[in-house]
Structure formats: C-alpha cells, structure tokens
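A.B. asks: The structure follows.
We did not get these values from a lab; they are worked out from the coordinates using the rules stated. Since this is a predicted model, take the numbers as computed values, not measurements. Note: ideal-geometry Cβ built from the backbone for every residue, glycine included; neighbour counts use all protein chains shown.
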Amino acid sequence: MMPSGSGIWLGSGGIITSKWVPDGPRAKPIAIALATLLFATINVQAAPATKSSTYLPQASPKWLPSFPKQKNVITSWPPSNPKAALPSGPLSTASFSLEGYPTMNEVVTNAAKDPNIIPIMKAIDWTKVPSAPVTSDAYGDEYPASDPYCWWTQTLCTTPKIHYIPPDISICPKAGTWGLTYDDGPMYYWPVTAENSKWAEPNLYDYLLKHNDQKANLFYIGSKIIGAPAAAQRGFNDGHTICAHTWSHPSMTTLTNAEVVAEFYYSLRMIKQVLGITPKCWRPPYGDVDDRIRAIAWQMGMRTIIWDRDTNDWNINGDQVAPGPGAITYATANKTVDNWIKSREEGKDNKNGHIVLEHELSNSTITLAEFWLPTIQKEYQTMPATACNNIAQPYWEKQFIYPIQGTVAVDTNGEPTGVKAPQI
Ligand SMILES: *[C@@H]1O[C@H](CO)[C@@H](O)[C@H](O)[C@H]1NC(C)=O
Ligand SMILES: *[C@@H]1O[C@H](CO)[C@@H](O)[C@H](O)[C@H]1NC(C)=O
Ligand SMILES: [Zn+2]
C-alpha cells in the first residue's frame, strides 16, 4: 500500500513488523535436499560459452528521481575528504521521510497501477523476460526437473538458460580468496534499548575498521535504510560496497512482474536518496531467483550476486529479539566456519575462492562475524565479492572506483572497462 498522509516517520525502527524473516533458502526441506543432491551435477557443468558482448545492453536507470545531496556523505571513492568520510561513535537516529515510499517491509500492492512503476514497465523489453510462472512452495513440487528457468531455489542453478543475461556471480575465482558479504542491513534492533543497541551499527562497522579497515559488500534492504539512514551512510562512507537487497525482502519469484519491478525500484530509490549512488548489483533474498527475475534485474541495471557458502548465521536460535527462533545453535554455525578454514589449511580447498553469506541481522550474526574475522583475514585474501570479481565500479556513478583483486577492471557484464583501479 502507498503511504497515506504525510508519512513522516522517526527513524527508531518502531514500525518494523513481526513479518520480518531473515535469509536462507525459502525452499521446504525436501526441496533443499533435492537442491543439495543436484548441486554436484551443476558444479561440474562447463562454464557457458557465451561471450559477454552478447549480453543485453543495459541503460542507466533514468527512471529514478534525483535527490539533494545528503550532508556528510562521500561523493567519490577514494573520498575527496577522508576525515569527513570516516565518522565513528554512536549514530544519530535521524528522522526520515517515508513520503513517496510504500509501507515498510511490505510488498507494494497495486504495483501495476503505481505511477512510479508504470514508466519502468514500459521501458523494459518484455520479450527478453522469460514468462516463468509466479511460484509458490506448492509449485516447487511440480517444477520440471529440466529446470527451464534456472530457478536457484529448486536446483541451485546460477547460469541462466537465456544467453543474453550473465550468470550470477557466485564465487571468487581465485583460490584462497574470501568474498565478504553481509546481508539485511543496515542493522538496528527494535525495540531500541541499550541492551539491543549494543549489537546495532556501528558495532560491526567499527570492528571492520579496527581490523585492517576491512571492506565488505553490504546488501541493504530499502525498508531498513529508512530505519537507520545514518548507519547506511556510515557503512557507505567507510568504503564498503553497497548492493541492493530489495525493498521488503520477499521471495522474488512469488511476485508478479510489476511487484518485482517495484521491489527493485524502491530499494534503488532509497539507496540513491540516502547515499547518492545507484548500485549495479543486487542479491535475491533467500537466493530465490530465476531467469524472469534475473532478466528484470538486468534491465533495471543490476547483476545478480549470490553465494557458494552459507554460514547459516541467519538460522541461529536463541536471539532475544528478532528475527525469532532459528533451527540451529550458535555452535553449529560456528563449526561450519571452522570446518571451512580447516579445509583450506589442510590444502583441500584449492579450486576457487568463495562468496560467503553472512548477516548484520542480530546479536548472534554479529558475534559470529566478529569472532571469525581475524582468522579469516589470516587464512584468506579477504575482500568484497565485487572486488574479487574485479568490479571496480559497482555503481552507475563512475567516480566511485574501488580496489580490485586483479589488474584488469571489468564491468558487471564481464567486459574490461579500461579504468585503472588499485589492486588489493
Ligand atoms: C567456535 O569455534 C572455535 C574454534 O573451534 C572455538 O574455539 C570456540 O569455542 C567456538 N565457540 C562456540 C561458542 O562454539
Ligand atoms: C549474543 O549471542 C551469543 C551467541 O549466540 C550468545 O552467547 C549471547 O548470550 C548473546 N547475548 C545476548 C545479550 O543476547
Ligand atoms: Zn536477506
């Protein structure tokens, strides 16, 4: 629903609803089992022969409004004023206007009639968007084993069946590299109490800064940025690479085309309003993506980034507040990470590097992230997933040039950009 009235809202997190659910696969256990079984098969398939030049050309998202520049937010990378770019200490709970945005944490209703969405629907070439069915968990049982739409939730497929959309970015190519990604931020706790706030930002951002000024990809949710705009600005100013993670964190394949467009539009708009940038990368909540969603995302300017390793931190039980009861113990998630590191130490992990799913979501996820970071930094070359894939310019605003692992910077379509980026 579009907001009625003035829509001014104080950014205390107060209207986060109990509908919030964290990441992790949306599939039923049986589908997860199936997907796990199929994973080995998918992995050994040859890389697509498709040349990146055959990908559908993208246009910059002209349908986004322009916004006044926010105070104290960097306008380039490296920033022209590093001192102003690295604030620290407690973050203000800025008030923020919800005007022009849908209800927080809810899929936009009437998206097809939304005046912001109609022009984008017209701009998209729908002949290039496969008409995959709108899914449900029940449909999962009927979904053909041939995987006609490269539906990750069912098969962990990451290489589209359509040749004009690039594969999802799912690994770091170079062995010994750890693509650091934190989803579902910016992190704040509701209700805001002293105890809860201990785990809210800037907790993790301070920790990263203190540990070798470590950079990561932050996959921000539009609805959460409204609740914590200062935290979003802090993460961005610190030099983390921001990607979109939808407006309300739904399973994207369950939505109509107009709803999908609205989820992308409002998350991109919120990011542009608060940070002044337009990401060329996004991550599907629960990994739920198929070729219909990929094709819409691509035409709206974004490459899909997924992961090949899941800490399952989103599923840890015992947190006192949201996201609610999980199915595993902290010790189990802890052991998962430990085993990865051991296998690298033992020389059993030499094929490629990894993109690892972590969250800035709760006490447990922050605790796990911070506990392991120093060890990860010792054992791996640790950097954002975009950096290990040599994407120096992750936004449509090209004056942000981040360090990359290799020597040749590429665009999100894999083509060299010719820009000189520092090497990590
Ligand atoms: C996490 O794993 C490390 C390394 O094995 C271990 O030292 C630590 O006690 C574990 N923590 C928990 C709470 O399980
Ligand atoms: C935070 O999470 C850790 C790991 O799950 C747990 O041991 C600890 O008790 C939690 N602290 C609070 C205040 O919830
Ligand atoms: Zn998520």
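A.B. asks: Please say if region 110-424 is rounded, prolate or oblate, where rounded means a/c under 1.5 for a ≥ b ≥ c the square roots of the C-alpha gyration tensor eigenvalues, and otherwise the choice is prolate for a/b larger than b/c and oblate otherwise?
C.D. replies: Note, shape of region 110-424 comes out rounded.
A.B. asks: Next question, about the same structure. Modelled label-to-label distance, W126 and V419, 7 Å Cα→beta-carbon offset: nm?
C.D. replies: Going from the W126 label point to the V419 one covers 3.4 nm.
A.B. asks: With the dipole of region 110-424 worked out from charges on the C-beta (+1 for Lys and Arg, -1 for Asp and Glu) around the Cα centre, which of A331, I124, T181 lies farthest toward the positive end?
C.D. replies: Selected residue: I124.
A.B. asks: Could you name the aspartates and glutamates in cross-link range of K335, using Cα to Cα under 14 Å and dropping any fewer than eight places away on the same chain?
C.D. replies: D310, D313
A.B. asks: Which aspartates and glutamates have a Cα lying under 18 Å from the Cα of K161, excluding residues fewer than 8 positions away in the same chain?
C.D. replies: D125, D147, D288, D290, D291
A.B. asks: What length, rounded to one decimal in nm, is gained on full extension from E142 through to S60, with 0.36 nm per residue of separation minus their alpha-carbon distance? Write down the numbers at each step before the final one.
C.D. replies: On the way: separation 82, 0.36 × 82 = 29.52 nm, distance 3.73 nm.
Full extension from E142 to S60 adds 25.8 nm.
A.B. asks: Hey, another quick one. Just how large is the dipole of region 110-424 about the Cα centre, in debye to the nearest 20, putting +1 at every Lys and Arg Cβ and -1 at every Asp and Glu Cβ?
C.D. replies: Numbers: 26 positive and 34 negative charges, 178 e Å.
It comes to approximately 860 debye.
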